[in-house]
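Peer 1: One structure, as C-alpha cells, below. Some questions next.
The values are calculated or read from the model by the stated rules, or taken from the named source; none is laboratory data. If you're wondering where the values come from, they're calculated on a predicted model, not measured in any experiment. Heads up, the Cβs are rebuilt from the backbone with ideal geometry, glycines too, and the neighbour counts pull from every protein chain shown.
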Protein chains: 2
Amino acid sequence: MTDFVLDPKLRADTLEVTALPLCQVRLMNDRRFPWVVLVPARPDVSEILDLSVADRGLLIEEIALVSIVVRELFHPTKLNVGALGNVVAQLHVHVVGRFASDDAWPGPVWGTTTEPYRHDEIERRLAPLRYRLSASA
Amino acid sequence: MTDFVLDPKLRADTLEVTALPLCQVRLMNDRRFPWVVLVPARPDVSEILDLSVADRGLLIEEIALVSIVVRELFHPTKLNVGALGNVVAQLHVHVVGRFASDDAWPGPVWGTTTEPYRHDEIERRLAPLRYRLSASA
C-alpha cells in the first residue's frame, strides 16, 4: 500500500480549495462553471467500489455538502455529479453547478474545452468556497 | 407529499431490470454500452442532497452493487457514474460500463445519439443483470 498522491493532471487542471475528512476539494480551472472536484485521499482507488463502505458513506456526504454549498453560493439551475475517470483514472467526483444559460447546457461539461479563470477572478471564486466548506468540515 | 412515479421519459428510454431497497433499476435502451440507471423511488427528489442521510447511504451502496455487477458481467475498461438531470429532473444515477474501444471513448456517453437494442438482444442483456442483482438484493 502506497501513500495517496494527487494525480499530476488533476493537480494541473484544478486549484486547491480545502480538505474534508475523506476528500481533497479542488476547483476546476474553468470559469464557465462553478465546478468542484472531490478526490478521496486514498491510494490506489479508481472506482467508487474500490472504497470501503465507511469511505463510501463519507464520500456521499461530502458530495452532498459540496452540492449544498455550490447551490447556496451560485444558485445553479441544476447540479451535475459525475465520476468518469476515462482520462485520469484516480477516483475523482465532479460537482458542477449548471445553468440553463451555460455554454454546454443541456449537454455534459466533460469533453468540452475549458476556459481558465483570469488571475483576478481566482480568489473571488475560491474564498467563499473555502469559507463555507471550512465552516462545515 | 405525493407518491413516487417514474418520470415518463425515463420510463420510455429504459427497460425494467429489478428493484433494490431504494432504487428502481433500469437498463438504458442503448446497445452501445452496458448502461444501468438507478432511480431512487422517492417522490419530489431531483438532487442527491434532497435525499435523507439514510437514503444517501443506500444510494451509494446500490451504486457500488450495480458497479460490481456491471464490471463482473461485462469487464469494462472503466465505470462512469453520473447524476446529471439537465433534461429529466427526477433524480437518476447512471452507471455505465465504458470500453477504450467504444463509440464515445474517452468522452461522456451523455448527449450522444442512442442506438436501441434489437429485439432479440434485450432478454440476453436483461437476464444476467436481473439474476445477479436479485441474488444480491
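Peer 1: Being among the hydrophobic types (A, V, I, L, M, F, W, C) and more than 15 Å from the chain's Cα centre (by Cα) is the filter here, so list the residues in segment B:95-119 that pass it. Quick ask: steps written out before the conclusion?
Peer 2: Residues of segment B:95-119 that are among the hydrophobic types (A, V, I, L, M, F, W, C), as a first pass: B:95-96, B:99-100, B:104-105, B:109-110.
Those that are among the hydrophobic types (A, V, I, L, M, F, W, C) and more than 15 Å from the chain's Cα centre (by Cα): B:PHE99, B:ALA100, B:ALA104, B:TRP105.
Peer 1: Does A:ARG130 satisfy the criteria of being under 16 Å from the mean Cα position of the chain (by Cα), modelled with pLDDT of 95 or more and surrounded by fewer than 18 Cβ atoms within 10 Å (Cβ to Cβ)? Quick ask: steps written out before the conclusion?
Peer 2: Values: under 16 Å from the mean Cα position of the chain (by Cα): yes; modelled with pLDDT of 95 or more: yes; surrounded by fewer than 18 Cβ atoms within 10 Å (Cβ to Cβ): yes.
Yes, satisfied.
Peer 1: Based on this model, can you work out whether A:ASP30 counts as more than 8 Å from chain B (Cβ to nearest Cβ) and either loosely packed, with under 15 Cβ neighbours inside 10 Å or among the polar types (S, T, N, Q) (or both)? Walk me through how you get there before you give the answer.
Peer 2: Numbers: more than 8 Å from chain B (Cβ to nearest Cβ): yes; either loosely packed, with under 15 Cβ neighbours inside 10 Å or among the polar types (S, T, N, Q) (or both): no.
Considered against the rule, which asks whether it is more than 8 Å from chain B (Cβ to nearest Cβ) and either loosely packed, with under 15 Cβ neighbours inside 10 Å or among the polar types (S, T, N, Q) (or both), A:ASP30 comes out as no.
Peer 1: A further question on this structure: Among (1) farther than 26 Å from B:ILE63 by Cβ; (2) surrounded by fewer than 16 Cβ atoms within 10 Å (Cβ to Cβ), there is one condition A:ARG125 misses while meeting the rest; what is its number?
Peer 2: In the conditions (1) farther than 26 Å from B:ILE63 by Cβ; (2) surrounded by fewer than 16 Cβ atoms within 10 Å (Cβ to Cβ), A:ARG125 misses (2) alone.
Peer 1: If you go through segment B:44-63, how many residues are buried (at least 20 other Cβ atoms within 10 Å of the Cβ), closer than 19 Å to B:ARG26 by Cβ and at the interface with chain A (Cβ under 9 Å from one of its Cβ atoms)?
Peer 2: Residues that pass the stated criteria total 4.
Peer 1: Here's something else I'd like to know. Can you name every residue in segment A:25-48 that is among the aliphatic types (A, V, I, L, M) and without any contact (Cβ under 8 Å) to a residue 60 or more places away in the chain? If you could, list the steps in order and put the result at the bottom.
Peer 2: Step one: filter segment A:25-48 for residues among the aliphatic types (A, V, I, L, M), giving A:25, A:27-28, A:36-39, A:41, A:45, A:48.
Once the filter is applied, which keeps residues that are among the aliphatic types (A, V, I, L, M) and without any contact (Cβ under 8 Å) to a residue 60 or more places away in the chain, segment A:25-48 yields A:VAL37, A:LEU38, A:VAL39, A:ALA41, A:VAL45, A:ILE48.
Peer 1: Failed condition for B:ARG98, given (1) more than 10 Å from chain A (Cβ to nearest Cβ); (2) touching a residue at least 60 places away in the same chain (Cβ under 8 Å); (3) of a type in the set (Lys, Arg), with all others met?
Peer 2: If we test B:ARG98 against (1) more than 10 Å from chain A (Cβ to nearest Cβ); (2) touching a residue at least 60 places away in the same chain (Cβ under 8 Å); (3) of a type in the set (Lys, Arg), just (1) comes out false.
Peer 1: Filter segment A:65-115 for residues that are among the acidic types (Asp, Glu) and modelled with pLDDT of 95 or more; which is surrounded by the fewest Cβ atoms within 10 Å (Cβ to Cβ)?
Peer 2: Initially, segment A:65-115 is screened for residues among the acidic types (Asp, Glu), giving A:72, A:102-103, A:115.
From what is left, the residues that are modelled with pLDDT of 95 or more are A:72, A:102, A:115.
On the way: A:GLU72: 10, A:ASP102: 17, A:GLU115: 12.
Filtering segment A:65-115 for residues that are among the acidic types (Asp, Glu) and modelled with pLDDT of 95 or more, the one surrounded by the fewest Cβ atoms within 10 Å (Cβ to Cβ) comes out as A:GLU72.
Peer 1: List, please: which pairs have Cβ atoms under 6 Å, are six or more places apart or on different chains, and start with a residue in segment B:107-129 that is away from chain A (no Cβ under 14 Å) and without any contact (Cβ under 8 Å) to a residue 60 or more places away in the chain and end with one that is surrounded by 15 or more Cβ atoms within 10 Å (Cβ to Cβ) and in a helix (DSSP H, G or I)?
Peer 2: B:PRO128/B:LEU73
Peer 1: From (1) within 14 Å of chain B (Cβ to nearest Cβ); (2) within 26 Å of A:ASP102 (Cβ to Cβ), pick out the condition that doesn't hold for A:GLU16.
Peer 2: Only one criterion is unmet by A:GLU16, namely (1).
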